[in-house]
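J.: Structure incoming, see below.
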Amino acid sequence: MPAMVSVDAWMPEHRHGMNYKASVTALGGGRFRAQGLLFHMPGRWELVFEARGERLAHSLRLE
C-alpha cells in the first residue's frame, strides 16, 4: 500500500532535510516509485525509507 511506504532525505551534518516532500506511487508487484527528491546542495545525504513500520537508511555523497 502506498500509504505505508515513504522516502525522505536529510543532511545529518547540517541538521536539515529537503525543501519538498517526496511522493511515492505503487507500481504493482511490490515495486514503488519515489518522485520529488530534490537534493538542493552538495554534501552527505541520508536517504530514509519506511515501509510497514520498518526503517532503512542509506548514506550517499553528492558533489
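J.: Is it the case that the stretch 53-62 has a residue that's part of a strand (DSSP E or B), without any contact (Cβ under 8 Å) to a residue 24 or more places away in the chain, touching a Leu at 6+ places or on another chain (Cβ under 8 Å) and surrounded by 12 or more Cβ atoms within 10 Å (Cβ to Cβ)?
T.: Yes, there is a match, as at least one residue in the stretch 53-62 is part of a strand (DSSP E or B), without any contact (Cβ under 8 Å) to a residue 24 or more places away in the chain, touching a Leu at 6+ places or on another chain (Cβ under 8 Å) and surrounded by 12 or more Cβ atoms within 10 Å (Cβ to Cβ).
J.: Just give me the residues in the stretch 1-43 being without any contact (Cβ under 8 Å) to a residue 40 or more places away in the chain, of a type in the set (A, V, I, L, M) and not in a loop (DSSP other than H, G, I, E, B), in sequence order.
T.: Matches in the stretch 1-43: A3, A9, M11, V24, A26, L27, A34.
J.: Being surrounded by 11 or more Cβ atoms within 10 Å (Cβ to Cβ), aromatic (F, W, Y) and under 22 Å from E63 (Cβ atoms) is the filter here; which residues of the stretch 1-46 pass it?
T.: W10, F39, W45, listed by residue number.
J.: For R52, indicate whether it is at pLDDT below 95 and within 14 Å of M4 (Cα to Cα).
T.: yes
The values are calculated or read from the model by the stated rules, or taken from the named source; none is laboratory data. All of these numbers come straight from a predicted model, not from anything done at the bench. So basically every Cβ, Gly included, is an ideal-geometry build from the backbone, and we count neighbours across all protein chains shown.
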